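Asker: Before anything else, here's the structure in question.
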Amino acid sequence: MSRRPIIAGNWKMHNNREESKKLVCGIKEAIKDIDKDALPEVVVAPVFTSLGVVADEIATCGCGKIKLSAQNCYYEAKGAFTGEISIDMIKDFDAKFIIIGHSERRQIFSETDEMINKKAKAIIEAGLTPIICCGETLEQRELGVTDSHIASQIVKALDGVAPTDVANVVIAYEPIWAIGTGKTCDSAEANRVIKGIRATLAQIAGKENADKVRILYGGSVKPETIKEQMAQSDIDGALVGGASLKADSFVEIIKGAM
Ligand code: PGA
């Protein structure tokens, strides 16, 4: 089963409009001579306030090499939800992906599995692709509950999603202890956990659909780590935080995934 790799940059709460424009232009310039089919699917996720400027830059290159993602959304279509952004508002910028369930949203903003499930269903309904994050804390890893915790996150996030829709979601396995710490999860271990995620997906949606799901690794991915990560049987790309904030290092990661 060949799955097209994805390299996604999660810019988190960084970059105003000017900085966002500079960063996406740097990426665009560095990959302009690479054939689109040779590239992984390249995704950037700026802050909401930079979606417009990044969308414009992506559109002017007209090459379809870079796709836009938001970092979060709300599942209701409109109404009295101060401070929230709907999926249609994100779609208005021609975004194709929305990251949901990032551990920072779960831990700092108390997002529950139930909210993440509602978001996943609404994103799929709108024709966009959710990038659903999951991952264990260091404490859970030490207690030996990593696999059961992640299986539970996946089952809850996809509750009520049709098997054929499951095939099109993207999952990001991000051990929380590896995020922003410089400590990457050993590639073989990340692959083992990701195989477990695929087994859970097969239980939910059947093996054929599970084999189509792209499962990314995230957590201190760097230019030096990507080749070994991509060499694993079940790792289909990366969700990159820190190293996506500089065009040079992000492009090195893209190239490392080719
Ligand atoms: P990091 O972040 O690459 O800086 O560890 C990854 C993420 O949180 O998605």
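Asker: Counting residues that are more than 30 Å from T164 (Cβ to Cβ) and not polar (S, T, N, Q), which helices (runs of 4 or more DSSP H) fully inside the stretch 184-258 reach at least 1?
Answerer: Per the criteria, 187-205, 226-230, 247-256.
Asker: If I ask for residues that are more than 15 Å from the ligand (Cβ to nearest atom) and not acidic (D, E), which ones from the stretch 220-250 would you list?
Answerer: K227, M230, A231, Q232, S233, A247
Asker: Of the residues G206, G180, which is within 16 Å of the ligand (Cβ to nearest atom), more than 16 Å from V42 (Cα to Cα) and in contact (Cβ under 8 Å) with a residue 24 or more places away in the chain?
Answerer: Going through G206, G180 in turn, just one is within 16 Å of the ligand (Cβ to nearest atom), more than 16 Å from V42 (Cα to Cα) and in contact (Cβ under 8 Å) with a residue 24 or more places away in the chain: G180.
Asker: Any idea which of (1) open to solvent by 40 Å² or more (accessible area, probe 1.4 Å); (2) more than 15 Å from the ligand (Cβ to nearest atom); (3) in contact (Cβ under 8 Å) with a residue 12 or more places away in the chain is the one R105 doesn't satisfy?
Answerer: The one condition R105 does not meet is (2).
Asker: Then there's this: Helices (runs of 4 or more DSSP H) wholly in the stretch 134-179 with at least 2 residues that are within 21 Å of F97 (Cβ to Cβ) - which ones?
Answerer: In the stretch 134-179, the matching helices (runs of 4 or more DSSP H) lie at 146-157, 163-166.
Asker: Let me ask something else. Filter the stretch 69-102 down to the residues that are outside any loop (DSSP other than H, G, I, E, B), of a type in the set (V, I, T) and more than 16 Å from the ligand (Cβ to nearest atom) and list them by number.
Answerer: Scanning the stretch 69-102 gives I87, I90.
Asker: Another one. Could you check the stretch 180-215 and list, in sequence order, the residues that are of a type in the set (D, E, K, R) and over 22 Å from S103 (Cα atoms)?
Answerer: Scanning the stretch 180-215 gives K207, E208, D211, K212.
Asker: So S110 clears everything in (1) part of a loop (DSSP other than H, G, I, E, B); (2) in contact with a strand residue (DSSP E or B) (Cβ under 9 Å, 6 or more places away or on another chain) except one condition, right? Which one?
Answerer: In the conditions (1) part of a loop (DSSP other than H, G, I, E, B); (2) in contact with a strand residue (DSSP E or B) (Cβ under 9 Å, 6 or more places away or on another chain), S110 misses (2) alone.
Asker: On the basis of being more than 15 Å from the ligand (Cβ to nearest atom), of a type outside the set (G, A, S), touching a strand residue (DSSP E or B) at 6+ places or on another chain (Cβ under 9 Å) and modelled with pLDDT of 95 or more, does V213 make the cut?
Answerer: yes
Asker: Filter the stretch 208-258 down to residues that are of a type in the set (S, T, Y) and over 15 Å from K183 (Cβ atoms) and give me whichever is surrounded by the fewest Cβ atoms within 10 Å (Cβ to Cβ).
Answerer: In this case the residue turns out to be S233.
Asker: Here's something else I'd like to know. Condition test on A38, is it in contact (Cβ under 8 Å) with a residue 12 or more places away in the chain, open to solvent by 10 Å² or more (accessible area, probe 1.4 Å), touching an Asp or Glu at 6+ places or on another chain (Cβ under 6 Å) and over 24 Å from I179 (Cβ atoms)?
Answerer: no
Asker: Which ones in the stretch 3-38 are modelled with pLDDT under 95 and either assigned to a loop (DSSP other than H, G, I, E, B) or at positive phi (or both)?
Answerer: Result: K32, D33, I34, D35.
Yes or no, residue by residue, for (1) touching a helix residue (DSSP H, G or I) at 6+ places or on another chain (Cβ under 8 Å); (2) more than 16 Å from A210 (Cβ to Cβ); (3) open to solvent by 30 Å² or more (accessible area, probe 1.4 Å):
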{"residue": "N117", "(1), (2), (3)": "yes, yes, no"}
{"residue": "K121", "(1), (2), (3)": "no, yes, yes"}
{"residue": "L138", "(1), (2), (3)": "yes, yes, yes"}
{"residue": "I154", "(1), (2), (3)": "yes, no, no"}
{"residue": "V166", "(1), (2), (3)": "yes, no, no"}
{"residue": "I171", "(1), (2), (3)": "yes, no, no"}
{"residue": "E174", "(1), (2), (3)": "yes, yes, no"}
{"residue": "G180", "(1), (2), (3)": "yes, yes, yes"}
{"residue": "C185", "(1), (2), (3)": "yes, yes, no"}
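The values are calculated or read from the model by the stated rules, or taken from the named source; none is laboratory data. All values derive from a computational prediction rather than experimental measurement. A quick note on method: Cβ atoms are made from the backbone with ideal geometry, for glycine too, and the neighbour counts reach across all protein chains shown. These accessible areas exclude ligands, DNA and RNA; they are computed on the full protein's heavy atoms, side chains included. Shrake-Rupley method; radii C 1.70, N 1.55, O 1.52, S 1.80 Å.
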